[in-house]
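Accompanying notes for the structure given below.
Read-outs: derived from the displayed coordinates by stated rules, not from any lab. Computed from a predicted structure; not experimentally measured. Here the Cβ positions follow ideal geometry from the backbone for every residue, glycine too, while neighbour counts run over all protein chains shown.
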Amino acid sequence: MISLTVNQKIYQLDVDPEMPLLWALREVIGLTGTKFGCGVAQCGACVVHLNGEAVRSCVTKCDRANHQAITTIEGLSKNNDHPLQLAWNEENVPQCGYCHSGQIMSAAVLLRENPSPTDQDIDDAMAGNICRCGTYPRIRKAIHLAAKLNGGKGDLK
Amino acid sequence: MEDISRRHFIASATTAGLALWLGLTSEGNLYKALDLASVNFSPFILIEASGQITLFNTKPEIGQGTFQSFPALIAEELEVSLDEVTIKQTNGEYQFGNAQRSGGSASIRNSYLPMRKIGAAAREVLIKAAAKTWNVLESECFAQRGSIIHALTERKLSYGALIQEAAKLDLPENPKLKDPKYFKILGKMSKRPDIPLKTNGSAEFGIDAIVPGMLYAVVYRSPVIGGTLKSFDATEVMKIPGVVKVGTAERIVGVYNYTGVAIIATSYWIANKAKEKLITHWDNNGFDKFNTLDYEAHLRVLAKQAGIVEKSVGNVDDVNLPPNGYLEAFYETPIIAHHALEPLNCTAQVKKDKVEIWTSTQVSSAVTGKGAGDMHVQIGFAPENITLHSLFVGGGFGRRLSMDYIVEAVNVAKLVEQPVKVIWSREDCTQHGPFRPMTFSKLKGGLSAEGKLISFEHKVISPSLQQSRDNSFDPSKVDLAMMEGISEQAYEIPNMRNSYVRADLHIPVSPWRSVTSSTVSFAQESFIDELAYKAKKDPMDFRLELLQKPSDAKKVLLKLKELSQWYTKLPKGSGKGVAVWEFFAGLGGQVVEVTCHKDKTITIDRVIAVIDLGEVVNPDNVINQMEGSVIMGLGAVTKGGINFVNGKVAEHNFYDSPLLRVNEIPKIEVHILTDGGKVKGVGEPGLPPFAPALANAIFAASGKRFRKLPFKLIL
Amino acid sequence: MKFSAHKSGYKKTIALSVIFLAITIMALALNVTETPPLNKRSPTKILKDSIASVTAFKKVYRVLMSPRCMNCHPAGDIPLQGDDSHLHTMSPKRGLEGKGLYAMKCSNCHQPSNSPGLHTPPGNPNWHLPPANMKMIFQGRSPYELAKQLIDKKQNGHKDLQQLIEHADDGLVRSAWNPGPGRTKPPLSHAEFKKTWKEWLYKGAYAPKK
């Protein structure tokens, strides 16, 4: 049995400990906000927080996540009101939207550790997340806006 | 048959009480009815007695913004804000007709007036109903936020309260459209209602469909494209816990039929891992000798053929050119993959003679047998027995115009009773096509003694999109899709001949965002630049000299000239390049500025992108689309294509078939031209001008001419 | 392979000055450059031999410059990747501690063990680059430069001789020999490497001339 604490709820799963966390989240628990893009840690669509770090759930085995705290896009905020979510909406960032769960989860770690990032800091944090639609200019703008909305504080969840 | 399907839709669109439906008949006439079952027409507005208003979006949302822009056309005229209505995505229902598709940048350019007309007719009939109810003049009433108001007495009735009365009245045949100066939605920076769903994980994409009891499947396809399955051995696969069934499934891509081996299991991960234990034997049919390098050499040889003339103006063979007034060049572009980030997927459940499908597709009505194509025949179901759930699309780019992955998934679902979700791995998506075909271009130009372009020839040498998609294609004819835009440019050239040499290819090909314009524009607009230099003229001036008559293309170039301060000299090592391209989807032009550094690297300083739309619905969305187009265009220029080695695709995933990342993007400035005229598309015209404008800028900065895609930003 | 800077601390050292002169003479005679200034506990049983030491280092150098070692000892702040040592896709940065930055920390992709399949992230519980204040660059270093750097405590993570020797058995170093499918192993086996590494160090840690 694997025990995962996802968005503060405990799930007991009868899965192979080798199963990537991505598939446990999507297919076993039914949280489909976390996306499958490449399966080899190249695109970042599957980013979730494991004990606060932006891990790629497509290569993170359930075994590593066992008894650990996981936050998915569904649990980032209760009302879609994390500063990044507000900023993403304000700047109309997504096109197809498929990559943005991962983009936002990655950006959340950036803002937590660097409350007012520069463009270079954003590149350093976000170059692991592919957006095929090319919404990168807006991702940048929205991260700057979120930093502003949060008043430059680093205490993002 | 039609009735059954219509009843099916009506059943799924049950309203709580009395409701008024307004829309278009198949002849394009305005129509309304209280009872949808009584008549066959496509409703776009539903007003319920409760006041609830629903607008139907028939254009699958692939990221291009139709979830907002399409209903906005109706809402503007109906005097409701999008916050006050429910937007419903249609699912290929028979009722909604054969235009439930997103492709060709067509959603707005084909609907701009018809949808506004529906909204305006609804508004007028509701005003008429209110005036009648109050026994006042129609001119004393106006519509506002879902209600009709009597200006003098401030009496107010909601649309819902007026439907019964409205239903008795005739719809105006030619309702008066709003004066654009009163627009509240159109032309304004607007929020897209799908965005909040895309920031908290609640947007449901095809791959997110959850159907109770669902199984998961992968399909192992011939590694050599064109191989046929001889046999397979799944003994070891069946021993893996979680594997439910292994069987064959047919996939049809245009004229090609492939059979793969499906592994159905309790999770995608188990099914995908089980592929390693599957033993398959294929007959490669000789296609394992296919190599991209050989094929490119073959195309270069074919280039010597005269080809079939697509368009001829004047007589290029009878032009007297001064000595040295002649220039020739050869351009090459690669095969590329679409790489939508949502991997191809489709969930299907077969119950006897019925099938239910959950997927992301660009062509909802074709999936249900209402639109073009014969997918229902391929899967063996009558159209009325196909139910589709058309979910958000995690990127289309033309890949999801093809329905091969849906056909295959339905065939997989036939193997079991449970619903099955078939997911393609990223490697599957990269390697199995259909791909954008390569185009090679042979160009010739002739300049008069004054340096004026007086003769021009563009010969395209390429495999054929039509031949790959349609068995009835006549190979003795020009595939117009491969000549896209070439003869449509506004340049006034007295002698012109454009021709096509078709090359056989056994690999399925398909449109890729902006179709062939994404490759032939590179050749043609780069070559125009070469001719300008040959004529010792400024590339902008040279183009404008070819545009004496007023044209939209000329407007675009003049705007670019102004925005880029074209004549302002850049420092040594830097340069500007311009390109413009008009084609079926629309019209755009770009100026790119680059700097070539001492270490031979090239950086893009900025991109100025102008798009001519005639009318704009949501400028903010257009800017987003244009930024994305430039970035996709840059990726197509600088990242590798798809290469075949011994019949197999050499690339696998984003590590060897990379996409542009946030640290690689240039500064992009977008300008939208909206001074009326033909309404043009948004999704694609941002792509074709980019590659030539970049190559032209590099030439201006360094004197080095790139004639083959892809190329790295290194001299 | 990696040098772990975090484990090493300053330890009491003993100068090797006793044989300083002898080494200098040998170095000159054998066309070998300066003496290695290894000021650390002197293993008494060692016999200095500049020829054997330099020969050993040349083999060590081949290992250290193999992609499995050099890729995480890049000249810049972005690790290298693959047998061709290209810049790591998605350009992850070193960060202060060498563990990456923000959403691109090494362990976000690099798991405690190798991920299955080709072209998936290789793994180790302690995957990292040298830290920003001790970059331990291999890429571009000549044998001479690298040898000198490896024994310079200011550049080697403050390791003395014993710690350098122990480093050959560091978990992350050893993982170079378990790189996952599709990746070439270093040119020597780990046992050979360790033997040669010790030989280089014990015989005087001489640097080749170039």
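Using the 10 angstrom Cβ neighbour count as an exposure proxy, how do C:Lys194, A:Lys148, B:Lys569, C:Lys93 rank, fewest first? Kindly include the intermediate steps, with their values, before the conclusion.
Working: C:Lys194 17, A:Lys148 12, B:Lys569 8, C:Lys93 22.
Starting with the residue having the fewest Cβ neighbours, the order is B:Lys569, A:Lys148, C:Lys194, C:Lys93.
Return the ratio Rg/(2.2 N^0.38 Å) for the protein assembly as shown, where Rg is computed over Cα atoms only.
1.03
Could you give the distance between the Cα centres of segment B:517-545 and segment B:348-388, to the whole Å?
Here the two parts' Cα centres lie 47 Å apart.
Quick one: compute the contact order of segment B:398-557, relative version, from alpha carbon pairs under 8 angstrom and 6+ residues apart, as a percent.
That works out to 25 percent.
So which DSSP H runs in chain B come out at 30 Å plus along the axis (Cα) with average Kyte-Doolittle of at least 0.0?
Membrane-span-like by this rule: B:112-134.
Can you tell me the Rg and the Dmax, both Å, for the Cα atoms in segment B:2-186?
15.7, 49
Within the set of other residues whose C-beta is less than 10 Å from the C-beta of B:Ala99, count the net charge using Lys and Arg as +1 and Asp and Glu as -1.
Values: positive: B:Lys59, B:Arg101, B:Lys370; negative: none.
Result for the local shell: +3.
Hey, what's the per residue convex hull volume over the C-alpha atoms of segment A:2-74, in cubic angstrom?
70
Taking the simple approach of a point 7 Å from Cα along Cα-to-Cβ for both C:His86 and C:Ile165, what is their distance in nm?
Using points 7 Å along Cα→Cβ, the separation is 4.2 nm.
Calculate for the protein assembly as shown the 222 nm mean residue ellipticity that helices alone would give, adding -39,500 (n - 2.57) per DSSP H run of length 4 or more and normalising by residue count, nearest 500 deg cm²/dmol.
Rounded to the nearest 500, the figure is -8000 deg cm²/dmol.
May I ask you to list the trypsin sites (Lys or Arg not before Pro) in segment B:637-670 that are in a DSSP loop and have at most 16 other Cβ atoms within 10 Å of their Cβ?
Taking segment B:637-670 and a limit of 16 other Cβ atoms within 10 Å, the loop trypsin sites (Lys or Arg not before Pro) found are B:Lys667.
Can you tell me the orientation of helix A:100-113 relative to chain A, as the angle in degrees between its alpha-carbon axis and the longest Cα principal axis, to the nearest 10?
70
C:Trp177 to C:Leu118: FRET efficiency via 1/(1 + (r/R0)^6), r the Cβ-Cβ distance, R0 25 Å, to the nearest 0.05?
After rounding, the FRET efficiency stands at 0.85.
Using the count of nearby Cβ atoms within 10 Å as a rough guide to exposure, how do B:Trp424, A:Trp23 rank from fewest to most?
On the way: B:Trp424 22, A:Trp23 25.
Fewest to most other Cβ atoms nearby, the residues stand as B:Trp424, A:Trp23.
Along the Cα-to-Cβ line of B:His597, 7 Å from the Cα, sits a label point; which residues in segment C:73-91 have backbone N less than 20 Å from it?
What the label zone holds, given the 20 Å backbone N cut-off, is C:74-81, C:86-91.
Starting from 0.36 nm per residue, how many nanometres of slack lie between B:Thr248 and B:Lys191 once their C-alpha separation is accounted for?
Here the answer is 15.9 nm.
Stretch B:Asp170-B:Asn29 to full length: gain in nm at 0.36 nm per residue minus the Cα-Cα span? Before the final figure, lay out the partial values.
Details: separation 141, 0.36 × 141 = 50.76 nm, distance 1.25 nm.
Additional length available on full extension: 49.5 nm.
Quote the convex hull volume per residue of segment B:169-215, based on C-alpha atoms, as a whole number of Å³.
Hull volume normalised by residue count: 212 Å³.
Just need the relative contact order of chain B here, percent rounded to a whole number, with Cα pairs under 8 Å and 6+ apart.
Across chain B, relative contact order equals 14 percent.
To check you understand DSSP bridge types, tell me what percent of the beta bridges within chain B (both residues inside) are antiparallel, rounded to 5.
Around 75 percent antiparallel, to the nearest 5.
Sorted by average packing, counted as other Cβ atoms within 10 angstrom per residue and highest first, what order do B:181-191, A:45-55 take?
Going from most to least packed, we get A:45-55, B:181-191.
At 0.36 nm per residue, and after removing the present C-alpha to C-alpha distance, how many nm does the segment from B:Gln144 to B:Gln418 gain when stretched out fully?
93.7 nm
How high is the relative contact order of segment B:2-186? Use alpha-carbon pairs under 8 Å, at least six apart in sequence, and give a whole percent.
Value for segment B:2-186: 23 percent.
Shielding by partners for B:340-352, please: the mean number of other protein chain Cβ atoms within 10 Å of each residue's Cβ.
3
Which order do C:Met134, B:Met496 fall in if you start with the one that has the fewest other Cβ atoms within 10 Å?
C:Met134, B:Met496
Going by the alpha-carbon gyration tensor, a ≥ b ≥ c the square roots of its eigenvalues, is chain B rounded (a/c under 1.5) or, if a/c is not under 1.5, prolate (a/b greater than b/c) versus oblate?
Details: a/c = 2.03, a/b = 1.16, b/c = 1.74.
Note, shape of chain B comes out oblate.
Can you give the mean number of other chain Cβ atoms that lie within 10 Å of the Cβ atoms in peptide B:649-656? Intermediate values should be presented prior to the final figure.
Values: counts 0, 0, 0, 4, 9, 11, 11, 4.
Other-chain Cβ atoms within 10 Å of each residue's Cβ, averaged: 5.
What does the charge count near B:Asp479 come to, summing +1 for each Lys or Arg and -1 for each Asp or Glu among other residues with Cβ under 12 Å from its Cβ?
Residues near B:Asp479 contribute -1 overall.
Could you tell me the ratio Rg/Rh of segment C:89-210? Both radii from Cα atoms, Rh via Kirkwood.
0.98
Can you check what the net charge comes to around A:Thr135, using other residues whose Cβ is under 13 Å from the Cβ of A:Thr135 (Lys, Arg +1; Asp, Glu -1)?
Values: positive: A:Arg132, A:Arg138, A:Arg140, A:Lys141, B:Arg192, B:Lys198, B:Arg661; negative: A:Glu91, B:Asp620, B:Glu627.
Net local charge, A:Thr135 excluded: +4.
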